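To start, the structure under review is shown below, and the notes come after it.
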């Protein structure tokens, strides 16, 4: 096993097995994660799906512990409807408001996707504040994990668990 002296004496003590693992450890030490808080969208957009979408929102509860978000729902009882984005298809859509803890989502990435002004506008259309974005999920698809990143911050992985009750 090689030991890399990438950050003072810490890597030697932690015995990083590769230079990359030392870099990851150092990055987490000096670059904090995004401070993510997740809630359900309280009021949906005024579009063709408003009634069904609002009923789904009213039927779920959302809790968060650390970077794990738990959505409780009777998935069978949720309304199924077509997304206003035809490429996303039909599903039992639920909306989450993801607050990144930043003043804006511009500069934040969801996986490889960099948020744009369109995402800021979508969030504003449902009363979600600055630094937040809307995540629409098909409840019937079950659990989902995603990573948020921003320059100067450690990557933050969020896991959404759908509990069918």
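The values are calculated or read from the model by the stated rules, or taken from the named source; none is laboratory data. Remember, predicted model here, so these are calculated numbers, not experimental data. With ideal geometry, Cβ positions are generated from the backbone for all residues, glycine too; neighbour counts draw on all protein chains shown.
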- Which residues, counting only those in region 59-84, are within 16 Å of residue 139 (Cα to Cα) and out of contact with any strand residue (DSSP E or B) (no Cβ under 9 Å at 6 or more places or on another chain)? 77
- Task: Say whether the condition of being touching a strand residue (DSSP E or B) at 6+ places or on another chain (Cβ under 6 Å), closer than 23 Å to residue 32 by Cβ and not in a strand (DSSP E or B) is met by at least one residue in region 90-100.
- Result: yes
- Query: How many residues, within region 35-69, are over 11 Å from residue 98 (Cα atoms) and assigned to a loop (DSSP other than H, G, I, E, B)?
  - Reply: 12
- Within region 132-165, residues surrounded by fewer than 19 Cβ atoms within 10 Å (Cβ to Cβ), in contact with a helix residue (DSSP H, G or I) (Cβ under 8 Å, 6 or more places away or on another chain) and outside any strand (DSSP E or B) come out as 140
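Considering every residue within region 124-131, establish whether at least one is in a loop (DSSP other than H, G, I, E, B) and without any contact (Cβ under 8 Å) to a residue 12 or more places away in the chain. Reasoning before the result, please.
The first filter runs over region 124-131 and keeps only residues in a loop (DSSP other than H, G, I, E, B), leaving 126-131.
Keeping just the survivors that are without any contact (Cβ under 8 Å) to a residue 12 or more places away in the chain gives none.
Checking region 124-131: not a single residue is in a loop (DSSP other than H, G, I, E, B) and without any contact (Cβ under 8 Å) to a residue 12 or more places away in the chain.
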- Note on the structure: Among residues of region 83-99 being more than 13 Å from the chain's Cα centre (by Cα) and surrounded by 14 or more Cβ atoms within 10 Å (Cβ to Cβ), the residue modelled with the lowest pLDDT is 83
